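The values are calculated or read from the model by the stated rules, or taken from the named source; none is laboratory data. Note that the structure is a prediction, hence the values are computed from the model and not measured. Cβ placement follows ideal geometry from the backbone for every residue including glycine, while neighbour counts extend to all protein chains displayed. For the accessible areas, the whole protein counts, side chains as well, though only heavy atoms, and no ligand, DNA or RNA atoms are used. Shrake-Rupley method; radii C 1.70, N 1.55, O 1.52, S 1.80 Å.
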Amino acid sequence: MSEGMQQIQIVQNEDEWLEDQVRRSVFVASWDKVIDKIIDPLYNWGRRNSVWPIGFGLACCAIEMICTSASRFDISRFGMELFRASPRQADLMIVSGTVTKKMLPAVVRLYNQMAEPKYVLAMGACASAGGPFKEGYNVVSGLDKFIPIDVYVPGCPPTPQALLNGLMTLQKKIDKQTIREAAWYKKGQAEAIPDPVLGPDLIDARRAEEITMLAHAPDQLATRAIKIQTKAETKHEKK
Amino acid sequence: MAVNAPPAETKPLSANDPQTIAEQIKTKFPDALESASAQGIVIKRDHLLEVARHLRESLTFDYLNNVTSVDFPDRFEVVYHVSSIDRGGAPLTLKVNAARENPVVPSLVPVYRGADFQEREVYDMMGIRFDGHPYLRRILMWDGFEGYPLRKDYHEPYFEDEKKPFGTRWDQGHHVIAEDRNPWHDNVQYPANFDAVAFKAQIDTVREQTLPDVSPTRLKTEKMILNIGPQHPSTHGVLRLKTTLDGETIVGVEPVLGYLHRNHEKIGERNTYLGNIPFTDRLDYFTSMNNNHAYVIGVEKLMGLRVPERAEYIRVIMAELTRVISHMALMGFMYNDLGAFYTPLIYALEERELVLDMFEAASGSRMMCNYMRFGGVARDLPDGFLDKAKHLVEERFPRVLDELETYLTGNEIFLARTKGVGVISREDAINYSTAGPVLRGSGAKYDVRRAEPYSIYDRFDFDIPVGTAGDVRDRFLMRLWEARQSLRILKQALKDIPAGEIMTGKKNYQIRVPKGEVYGRGENPKGELGFYIVSDGTPNPYRYHIRAPSFINLTALDRMSKGYKVADLIIILGSHDVVMGEVDR
């Protein structure tokens with residue numbers, strides 16, 4: 001067969017041919033397919049590449065966060081260089097440092113003020129679990145006791161590379177989201193996290209009744225603590 | 001002084017000798033002294049104010065370095081360190097005893113304004129009341145917090161044992177996490193019969209501010225309270241400023257601190273001496289090497305350790321490199337505060353990265369170096385470190401500093417915004433106990449590296465730049481000039497660094513520190529960083545107090561910004577170079 005000549009196909013079954021043509025040129029889909037194949041990927045693609053963090057430095061980790069946004073590590077490659085001063089314009093809260101009890105009401109309020117969809121990245125040991133300062137009387141041992149956290153980045157402080165890895169992990173998480181399950185597309189308003197109160201010590205408003213009950217029942221309170229041996233007791237036992 | 005002279009023994013100048021001073025006080029106030037020794041002069045409570053006034057006015061002890069307190073089993077002891085700006089030398093230690101029950105001590109604020117925040121801190125942490133203090137409120141913790149944390153009988157919720165290292169956490173065959181050891185299953189504790197449901201938090205109040213009379217024909221306007229922070233892009237961390245405004249004019253600024261109070265001192269008193277070194281890294285997280293340096297100097301003084309030559313040089317090289325990058329970064333941050341977002345800062349951070357790489361090679365970590373040890377440094381310098389450092393110090397950094405000077409110091413907007421703004425006079429700067437570039441920017445030539453030379457700073461040839469106007473521009477220029485002087489020191493140190501040991505004796509986890517007390521200090525890029533350590537001979541410090549320069553510098557913020565416009569407040573604060581890790585500790 002020479003070039004330029006069209007190959008003529010002989011149609012054996014007209015129905016099959018018609019179906020094939022329809023499949024090729026007409027988009028037939030269910031609502032599910034539209035969501036899975038078009039809306040979700042499009043939304044997620046946009047979202048993952050324009051995560052705007054709130055410019056919110058808490059402690060040492062904030063300096064590494066600044067280094068990440070500077071020229072060498074260049075956070076702009078991920079579309080995240082726009083550090084917003086206002087929580088209303090931000091999508092991501094990078095909790096960069098120790099959250100103290102005195103600071104916690106402000107952190108929770110900032111989280112509540114952020115517009116959905118919102119993500120939280122706990123940067124460093126302190127924000128994740130209290131870190132080296134966990135035993136301190138003014139330190140919250142892990143912000144996840146109060147607000148939901150999407151990505152934890154270990155380190156004290158995490159290097160900029162570690163933070164970038166955390167941000168890429170967040171992107172992967174965003175990729176897997178679907179509008180059918182995302183909390184912010186559910187009916188009704190999302191409930192704000194109640195502000196913790198600074199009393200004689202930090203009061204988690206959600207636990208206020210439990211605290212009151214326990215404070216009035218010292219016997220019950222005592223049974224809740226697991227005692228471990230102090231060094232002196234261990235020494236004494238060995239003798 | 002010759003560059004290679006043997007290290008001089010640091011003797012206190014006779015004018016600062018406690019015995020001599022005690023004699024002089026005795027002749028003036030016969031019954032004011034309780035005792036006097038090399039450890040300090042103990043003054044009777046009722047005479048403290050007049051003795052302090054006499055020291056300041058007649059004996060030229062015009063600078064209050066540090067105020068702290070120690071909780072002894074039978075009494076509280078309030079400790080003051082005073083020194084003279086012109087004379088220098090080791091600071092003089094004054095002490096006052098307070099009863100365990102209802103401790104009250106006269107406030108020194110009428111004599112030294114710099115005592116303001118420090119006394120509030122003592123009140124907050126130990127519950128010692130200061131009679132005559134204008135605004136005695138909690139400063140690091142919030143009002144209404146239960147207990148005085150630095151008292152020895154205060155146990156935090158996660159209390160495990162008095163001293164580290166702790167016993168096993170596996171005595172039940174599995175690890176018991178801190179949350180389970182506490183009955184509330186969180187880092188909290190409440191008094192008995194506490195009603196959390198009915199509890200109402202206290203209402204925030206503002207310190208009464210008065211405006212100096214500007215003009216009698218001024219329009220009568222109502223004062224407005226403007227809250228800045230704790231989350232604000234230009235407060236350099238989690239600082240909060242309760243600002244009282246009259247129109248746009250600042251009537252008063254009240255810094256609210258403690259949003260990053262991480263309990264360094266309480267944790268430090270439980271740690272071993274060695275275990276505190278990584279915590280000092282996290283004080284002023286820009287300058288971890290300098291923090292290490294000041295702390296090990298304090299403990300070495302107490303132990304009487306001598307450091308090998310090479311280690312001293314390594315320490316100085318690390319400390320000065322830190323100073324250069326800290327000052328460079330600050331110049332960028334100040335431009336950030338002026339509205340030049342990020343561009344100058346990115347240039348500064350680019351240089352910082354080069355130094356951080358070297359720190360990482362030497363110590364293993366970019367920021368939290370944890371590099372110095374008692375009697376030396378942790379590791380020797382890696383191969384090629386000195387060549388890289390020489391390249392940076394001799395070629396790259398001078399060029400970069402020239403560039404920064406060309407582009408940043410002559411900028412018209414910069415001059416309009418900074419010249420004559422945030423002025424503080426020399427007298428006020430001294431009286432408010434400011435330190436570092438803030439103090440020197442006002443013309444007081446006081447640098448711990450010269451006033452009480454530590455390490456081997458007495459061998460290097462360098463100047464202490466001083467400003468003249470005491471405004472924001474001078475404080476900005478101070479950073480530039482000081483970075484240049486640091487380069488001078490670095491050039492000499494890199495040339496002279498000898499080979500040899502880097503550590504005296506063996507590496508030791510558990511050092512023995514003899515009984516005694518010491519105030520070890522070093523010149524941080526932010527000012528005088530001091531460590532007041534009381535040792536009782538055990539492996540843990542009995543008292544571990546940090547004299548944080550940025551914290552005390554903030555005392556003067558109100559004085560500096562009064563009468564200026566609210567837009568100036570940000571740059572005035574920026575010129576302080578506050579780092580909240582150090583302010584709140």
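Taking beta carbons within 10 Å but only from partner chains, what does the mean come to for residues B:231-237?
Working: counts 14, 3, 8, 2, 1, 2, 6.
Counting Cβ atoms of other protein chains within 10 Å of each residue's Cβ and averaging gives 5.
What is the average number of partner chain Cβ atoms found within 10 Å of a Cβ in A:220-232?
Whole-number average of other-chain Cβ neighbours for A:220-232 is 6.
Roughly how crowded by other chains is peptide B:156-163, in terms of the mean Cβ count from those chains within 10 Å of each of its Cβ atoms?
Shielding by partners across B:156-163 averages 5.
Taking amide H positions as placed in the peptide plane 1.01 Å from N, state which residues far from B:Glu452 in sequence (5 or more) or on other chains have amide H under 5 Å from it.
For B:Glu452, the qualifying residues are B:Gly89.
Return one number: the angle in degrees, 0 to 90 and rounded to the nearest 10, between the long axis of the Cα atoms of helix A:160-175 and the longest principal axis of the Cα atoms of chain A.
Approximately 50 degrees, to the nearest 10.
Work out from phi, with θ = phi - 60° and the Karplus expression 6.51 cos²θ - 1.76 cosθ + 1.60, the ³J(HN,Hα) of each residue of region B:315-324, listed in order in whole Hz, and give x for Gly and Pro.
Karplus-based 3J(HN,Hα) across region B:315-324 equals 4, 5, 4, 5, 5, 6, 4, 4, 4, 4 Hz.
Taking only the alpha-carbon atoms of the protein assembly as shown, what semi-axes of the equivalent ellipsoid follow from 5 times the gyration tensor eigenvalues under a square root, in whole Å, largest first?
49, 34, 29
May I ask you to give the average projected area over all directions of the convex hull of the Cα atoms of region B:405-492, in nm² rounded to one decimal?
6.1 nm²
So with the 1.4 Å probe, I'd like the accessible area per residue for region B:264-584, rounded to whole Å².
29 Å²
At a cut-off of 10 Å², which residues of region B:335-360 become less accessible once all protein chains are present than in their chain alone, using a 1.4 Å probe?
B:Tyr342, B:Ile346, B:Leu349, B:Glu350, B:Arg352, B:Glu353, B:Asp357
Would you be so kind as to identify which of B:Gly441, A:Ser96, B:Ile297 lies farthest towards the positive end of the dipole of the protein assembly as shown, taking Lys and Arg as +1 and Asp and Glu as -1 on Cβ and the Cα centre as origin?
Projecting each Cα onto the dipole axis, the largest value belongs to B:Ile297.
If you place +1 on the Cβ of every Lys and Arg, -1 on the Cβ of every Asp and Glu, and leave all else neutral, what size is the dipole of region B:264-584 about its Cα centre, to the nearest 20 Debye?
So the dipole magnitude of region B:264-584 works out to roughly 640 debye.
Projected area of chain A, taken from the Cα convex hull and averaged over every viewing direction, in nm²? Numbers along the way, then the final one.
On the way: hull surface 106.2 nm².
Its Cα hull, projected and averaged over all orientations, spans 26.6 nm².
Which log10 I(q)/I(0) values does region A:1-77 give at q = 0.14 Å⁻¹ under the Debye formula, counting every alpha carbon as one identical point scatterer?
Treating every Cα as an identical point scatterer, log10 I(q)/I(0) equals -0.75.
Averaging over all projection directions, find the projected area of the Cα convex hull of region B:18-131 and quote it in nm² with one decimal place. All intermediate terms of the calculation are to be shown ahead of the outcome.
Working: hull surface 26.3 nm².
Quarter of the Cα hull surface area: 6.6 nm².
Where the centre of each part is set by its Cα atoms, how far does region B:512-533 sit from region B:271-332, in angstrom?
Using only Cα atoms, the two centres lie 11 Å from each other.
Given charges of +1 on the Cβ of Lys and Arg and -1 on the Cβ of Asp and Glu, with all other atoms neutral, how large is the dipole of chain B about its Cα centre, in debye to the nearest 20?
About 520 debye.
Which whole-angstrom value gives the distance between the alpha carbon centres of region A:94-140 and region B:45-112?
Region A:94-140 and region B:45-112 have Cα centres separated by 38 Å.
Once a ≥ b ≥ c are taken as the square roots of the eigenvalues of the Cα gyration tensor of region B:124-174, is the result rounded (a/c under 1.5), prolate (a/b larger than b/c) or oblate (a/b not larger than b/c)?
prolate
Charges only on Cβ, +1 for Lys and Arg, -1 for Asp and Glu: so what's the dipole of the protein assembly as shown about the Cα centre, in debye to the nearest 20?
1060 debye
In whole angstrom, note down how far apart the Cα centers of region A:157-203 and region B:547-585 are.
Here the answer is 33 Å between Cα centres.
Could you report the buried accessible area between A and B, both sides summed, computed with a 1.4 Å probe and given in Å² to the nearest 100?
Values: alone 16340 and 24460 Å², together 34400 Å².
By this definition, chains A and B bury close to 6400 Å².
State, in angstrom, two size descriptors of region A:145-208 derived from its alpha carbons: Rg to one decimal place and Dmax to the nearest whole number.
In Å, with Rg to one decimal and Dmax whole: 16.5, 44.
Once neighbouring chains are kept in place and the probe is 1.4 Å, which whole percent of the accessible area of the protein assembly as shown is contributed by carbon and sulfur?
The computed percentage sits at 52.
Which whole-Hz ³J(HN,Hα) couplings does region A:13-20 yield from phi under the Karplus relation 6.51 cos²θ - 1.76 cosθ + 1.60, θ = phi - 60°, glycine and proline marked x?
These are the phi-based 3J(HN,Hα) values: 10, 5, 4, 4, 4, 4, 4, 4 Hz.
Per the Debye formula with a single identical scatterer at each Cα and no solvent contribution, what log10 I(q)/I(0) holds for region B:264-584 at q = 0.07, 0.08, 0.13 Å⁻¹?
Log10 of I(q)/I(0), two decimals: -0.26, -0.35, -0.92.
Give me a comma-separated list of calculated 3J(HN,Hα) values for region A:223-228, in order, Karplus coefficients 6.51, -1.76, 1.60 applied at θ = phi - 60°, integers in Hz, x for any Gly or Pro.
6, 7, 8, 8, 8, 10
Please state the relative contact order of region B:18-131 as a whole percent: Cα pairs under 8 Å, 6+ residues apart?
Relative contact order comes out at 23 percent.
Which of the peptides A:36-43, A:206-213, B:571-578 is most tightly packed, and how do the rest follow, going by the mean number of other Cβ atoms within 10 Å of each residue?
So the order, starting with the most tightly packed, is B:571-578, A:206-213, A:36-43.
Ordered by packing density, taken as the mean number of other Cβ atoms within 10 Å over each peptide's residues, highest first, how do A:178-191, B:355-368 rank?
Values: A:178-191: 9.8, B:355-368: 19.4.
Highest-to-lowest ranking by the protection proxy: B:355-368, A:178-191.
Put one equal scatterer on each alpha carbon of chain B, apply the Debye formula with no solvent term, and list log10 I(q)/I(0) at q = 0.08, 0.10, 0.11 1/Å to two decimals.
With no solvent term, the Cα-only Debye profile gives -0.56, -0.89, -1.09.
Too long at a 22 Å Cα-Cα cut-off: which of A:Lys101/B:Lys200; B:Lys445/B:Lys495; A:Lys239/B:Lys163; B:Lys44/B:Lys152; B:Lys164/B:Lys507; A:Lys238/B:Lys507?
B:Lys445/B:Lys495; B:Lys44/B:Lys152; A:Lys238/B:Lys507
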